[in-house]
Amino acid sequence: MPWFPLLISVALVLTFLAYLAGKRPYQSPRSVAANYDNWTRDGLLERLWGDHIHLGYYGDPPQPQDFRASKARLVHEMVHWAGLHRLPAGSRLLDVGCGIGGSARILARDYGFDVLGISVSSRQIDRARALTPAHLSCRFAVMDALAMPMEDRSFDAIWTVEAAPHIADKQRFANELLRLLQPGGQLVMADWNQRDPRHQPLRRPEQMVLNVLLEQWGHAAFASMEAVQEHLQASPYGCVNLHTADWSRATFPAWPEAIREGFRRPWAVLSLGPSAVLQGLREVPTILLMAWAWRRGLLRFGVFRAERADGRG
Ligand SMILES: C[S@@+](CC[C@H](N)C(=O)[O-])C[C@H]1O[C@@H](n2cnc3c(N)ncnc32)[C@H](O)[C@@H]1O
């Protein structure tokens with residue numbers, strides 16, 4: 001079948017061209033909103049990943065697991081790690097960068113929280129509302145995480161998963177998260193964190209890879225885990241009982257699994273048409289680079305929990 005190698009070659013060339021042409025560098029929260037609007041509109045991400053736009057948790061050491069179940073598991077692991085399950089039903093929880101509401105619905109349904117999810121992408125918020133049954137205590141609003149109009153101390157818990165790489169001003173982000181918490185309220189955050197260059201300078205190829213990973217998915221910057229802690233501790237709103245953990249090993253399988261998922265359920269992609277196939281293929285190099293960065297310790301999955309002190313703020 002002489003056409004088969006030809007077809008593969010054409011697909012590879014098209015993928016490479018799409019990859020080179022289609023950078024999505026961070027410019028502002030608006031550019032982030034535009035990216036997520038597009039990713040929501042074309043439906044590809046939701047078809048493959050379900051309603052969670054974050055990595056899965058596979059255990060430490062990792063065990064094989066269903067791709068989507070691992071994502072729901074990450075939510076439960078974070079809840080228990082941060083002790084959120086001990087909060088009374090009806091506690092007010094803010095999900096900052098809520099995607100299409102996968103975590104928010106679990107937090108409302110399984111833990112009884114009164115949840116407000118915010119995202120900078122209006123398409124995501126429309127989709128989150130459409131996916132959420134009316135009986136759940138779970139609302140959504142379009143909002144920039146650095147311009148949240150809610151009053152100080154409005155929430156008993158703040159939850160934010162994988163939104164921080166899209167935020168340029170990390171100190172202001174930390175301040176906003178703590179500002180909105182009640183004194184004694186619980187912050188729980190998952191972030192993608194680069195190795196701290198103060199401990200081990202980045203080599204040139206490593207910096208090049210990080211640059212690609214920033215500009216492909218609209219990330220503003222990756223903070224190190226150390227820098228995130230420093231930002232929280234420097235907040236005028238006061239931060240106590242700060243704990244961190246590195247869940248890179250438990251989340252690593254999510255990268256190769258993201259590629260395998262496309263082959264396991266090819267119809268999910270094919271049924272969206274040729275542009276979705278190309279779109280899916282063009283993400284493969286970024287996913288492979290992410291896996292490389294994870295393996296090397298260049299990028300980590302950092303989790304953080306902290307309480308707001310009774311600081312005056
Ligand atoms: C990787 S997705 C994670 C979504 C969700 N937390 C989840 O786990 O499914 C990043 C989310 O952060 C949101 N985001 C990024 N920058 C934001 C900003 N400045 N203000 C509010 N949301 C933002 C995006 O719109 C998106 O919903």
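The values are calculated or read from the model by the stated rules, or taken from the named source; none is laboratory data. Every value quoted in this text rests on a predicted model; they were computed, and no experiment measured them. Note: ideal-geometry Cβ built from the backbone for every residue, glycine included; neighbour counts use all protein chains shown.
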Return the residue satisfying two criteria in turn: it lies in the range 55-64 and is over 25 Å from residue 105 (Cα atoms) and out of contact with any Phe, Trp or Tyr (no Cβ under 9 Å at 6 or more places or on another chain), and of such residues it is farthest from the ligand (Cβ to nearest atom). 61
Residue pairs meeting the criteria (Cβ under 6 Å; at least 6 apart or on separate chains; first more than 15 Å from residue 273 (Cα to Cα), in the range 29-48; second more than 10 Å from the ligand (Cβ to nearest atom) and assigned to a helix (DSSP H, G or I)): 40/127
Residue list for the range 156-207, restricted to those being among the basic types (Lys, Arg) and either within 19 Å of residue 29 (Cα to Cα) or away from the ligand (no atom under 16 Å from the Cβ) (or both): 170, 172, 195, 198, 203, 204
Say we look at the range 29-54 and pick out the residues that are near the ligand (Cβ under 9 Å from one of its atoms) and part of a loop (DSSP other than H, G, I, E, B); which of these is farthest from residue 142 (Cα to Cα)? 54
Here's a check for you: in the range 250-298, which residue that is of a type in the set (Phe, Trp, Tyr) and in contact with a helix residue (DSSP H, G or I) (Cβ under 9 Å, 6 or more places away or on another chain) is nearest to residue 209 (Cα to Cα)? 292
Of the residues in the range 94-120, those that are in contact with a helix residue (DSSP H, G or I) (Cβ under 6 Å, 6 or more places away or on another chain), in contact (Cβ under 8 Å) with a residue 40 or more places away in the chain and assigned to a strand (DSSP E or B) number 2
Does residue 73 satisfy the condition of being more than 10 Å from the ligand (Cβ to nearest atom), of a type in the set (Lys, Arg), in contact (Cβ under 8 Å) with a residue 24 or more places away in the chain and not in a loop (DSSP other than H, G, I, E, B)? no
What are the residues in the range 287-313 that are at pLDDT below 95 and surrounded by fewer than 16 Cβ atoms within 10 Å (Cβ to Cβ), if any? 310, 311, 312
Exactly one condition in (1) among the small types (Gly, Ala, Ser); (2) in contact (Cβ under 8 Å) with a residue 40 or more places away in the chain; (3) more than 10 Å from the ligand (Cβ to nearest atom); (4) farther than 20 Å from residue 178 by Cα is not met by residue 130; state its number. (2)
Taking the range 78-93 and keeping residues in a helix (DSSP H, G or I) and in contact (Cβ under 8 Å) with a residue 24 or more places away in the chain leaves 78, 79, 81, 82, 84, 85
